[in-house]
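Derivation of every value follows stated rules applied to the coordinates shown; laboratory data play no part. Computed from a prediction, not measured in an experiment: that's the story for all the values here. Quick reminder, even Gly has a Cβ in these numbers, built from the backbone with ideal geometry, and neighbours come from all protein chains shown.
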Amino acid sequence: MGVKEACGVFGAYSIDGEDVASSIYYGLFALQHRGQESCGIAVTNTHGTREVLSKKGLGLVNDVFNEKELQGLQGNLGVGHVRYSTTDGNNVENIQPLVLHYVKGVLNIAHNGNLVNAAELRKELAYTGAIFQTSTDSEVIAYHIARARLHTERVEQAVKIAIQKIKGAYALVISSPRKLIGVRDPYGLKPLCIGKKGNTYFLASESCAISAAGGEFIRDVKPGEIVNISRKGVFSDMSMVIPDKQQSRCIFEYIYFARTDSTMDEVNIYDARSKAGKVLAESYPVQADLVVGVPDSGLVAAKGYSEQSGIPYGMAFHKNSYVGRTFIKPTQSERVSSVRIKLNVIEQVVKDKRIILVDDSIVRGTTVAGIIKMLKNAGAKEVHVRVSSPPFLHPCYFGTDVPTNEQLIAHTHTQEEIREKIGADSLGYMEVDKLNSMVGDLPFCDACFTGSYPMEVPTYA
């Protein structure tokens with residue numbers, strides 16, 4: 001099983017009745033880094049027949065959609081999703097958004113995250129007659145919303161009842177025939193924000209997606225908040241919000257997942273990664289000639305290391321932008337082969353130099369080992385590795401599928417053994433107690449490094 005990152009969700013509602021499919025497309029395109037296996041868009045017209053039009057497929061956003069198909073998705077309310085499978089397989093039936101037809105109409109739902117009680121909820125539903133079409137947590141959520149809706153006047157009330165049953169990490173974007181609803185789990189583990197362009201409102205996993213759709217970022221959805229957008233405007237239900245000290249954002253959003261130009265919970269991602277690099281320079285100084293980063297998420301931390309240490313910053317790699325991120329490749333063989341075609345060392349930059357190589361994480365060690373070998377083959381005299389996250393030691397149950405402990409190199413090897421195995425001349429990880437240098441006082445989850453989970457997690461694999 002590969003390490004897999006979060007999905008990306010996007011929603012749009014034009015009060016003026018304008019088609020939103022193209023806006024959702026641009027939003028998903030900006031969120032492509034969050035999921036590369038599949039994507040989908042579902043739209044409806046709040047002023048017409050309210051028929052749902054949808055298009056989903058395996059592959060990148062640009063592969064699944066073309067101009068003709070987008071023009072066919074006519075509707076002023078819609079949701080979109082880019083996906084990397086977490087608890088379930090990469091099957092066509094699991095592609096989101098889920099479109100659920102029931103007695104009260106249609107629900108379209110896009111979900112980022114994992115539930116820790118999905119198995120129990122699924123069993124409960126199955127024993128009361130539910131027939132599942134997918135293996136996703138998202139369908140469990142959708143069923144609970146649909147069932148609650150039978151006994152409520154408004155869909156947002158049903159959403160509130162349903163989320164009181166679910167436990168785990170989730171950012172939800174839901175469209176009913178006349179409303180767009182966003183929900184963020186009470187811990188804030190998964191990000192969600194609000195934007196606007198004229199009289200069109202957006203919900204998105206990251207602020208960069210709102211910018212890509214031509215909108216203006218308004219604010220983050222608060223952990224535990226339910227946002228209801230209708231033709232009457234934006235309404236907020238804060239009754240599920242828990243105290244700030246109990247909230248727990250995923251720290252890996254700031255280390256790796258989020259795009260560099262995003263801002264998340266008032267923390268600028270570029271600044272956070274730059275600060276991480278500066279902390280690494282203070283914690284692990286070394287005599288060297290050049291600081292370089294592993295593209296893309298290691299580049300800003302490398303710049304921060306350079307600024308703090310005074311050692312020049314350089315670009316040591318040419319990156320082929322048409323190859324997906326190796327960190328989230330589904331199989332090990334794909335990961336290894338894609339490293340070779342994804343990065344090419346610029347020999348004249350590194351030859352006869354002592355290099356500090358900054359990366360965002362080491363999971364199995366195979367990727368960084370290959371990069372170090374490439375640098376030394378190009379003539380680098382020394383390669384000192386600095387990592388802007390602590391060692392991975394524990395699994396994640398919240399939508400970032402860190403591999404089993406046996407596959408985590410830090411779980412089975414000491415730091416010195418890792419250094420030898422990857423071929424580095426020295427190795428330094430971000431210390432756990434210095435992670436707050438990236439996000440300040442923002443409460444965060446670091447369970448993949450510490451084993452300290454913000455909620456009870458399953459005892460089974």
Quick one: helix 366-377 against the long Cα principal axis of the chain, what's the angle to the nearest 10°, folded into 0 to 90? 40
Charge sum, other residues only, whose C-beta stays under 11 Å from VAL227's C-beta, Lys/Arg counted +1 and Asp/Glu -1: 0
Per DSSP, the loop-located GluC sites (Glu not before Pro) within region 153-223 having at most 15 other beta carbons within 10 Å are GLU153
Computed over the Cα atoms of region 268-442, the Rg and Dmax in Å are 15.3, 44
Would you list VAL387, VAL241, VAL279 from fewest to most Cβ contacts within 10 Å? VAL241, VAL279, VAL387
So how do ARG50, ARG149 line up by other beta-carbon neighbours within 10 Å, fewest first? ARG50, ARG149
Residues whose built amide H sits under 5 Å from the amide H of LEU290, excluding neighbours closer than 5 in sequence, are ARG354, ILE356
DSSP loop (so not H, G, I, E, B), at most 12 other Cβ within 10 Å: list which trypsin sites (Lys or Arg not before Pro) in region 221-283 pass both filters. LYS232
Can you list the equivalent-ellipsoid semi-axes of region 8-247, largest first and in whole Å, using the square root of 5 times each Cα gyration tensor eigenvalue? 24, 20, 18
Go ahead and estimate [θ] at 222 nm for the chain from helices alone: -39,500 (n - 2.57) per DSSP H run with n ≥ 4, summed, over the residue count, rounded to 500. -7500 deg cm²/dmol
Please list, in order along region 98-104, the HN-Hα scalar couplings obtained from phi with the Karplus expression 6.51 cos²θ - 1.76 cosθ + 1.60 (θ = phi - 60°), rounded to whole Hz, x for Gly and Pro. 7, 10, 10, 8, 8, 4, 8
Longest exposed-site-free window of the chain, the sites being chymotrypsin sites (Phe, Trp or Tyr not before Pro) in a DSSP loop that have at most 10 other C-beta atoms within 10 Å: 128-321
Hull shadow area, averaged, region 383-461 [alpha-carbon convex hull, nm²]: 6.0
Please turn the phi angles of region 251-267 into ³J(HN,Hα) values with the Karplus equation 6.51 cos²θ - 1.76 cosθ + 1.60 (θ = phi - 60°), one per residue in order, whole Hz, x for glycine and proline. 5, 6, 4, 7, 6, 9, 4, 5, 6, 4, 8, 8, 10, 9, 6, 6, 10
Karplus-derived 3J(HN,Hα) from phi for region 345-350 (6.51 cos²θ - 1.76 cosθ + 1.60, θ = phi - 60°), whole Hz, x at Gly and Pro, runs 6, 8, 4, 5, 7, 9
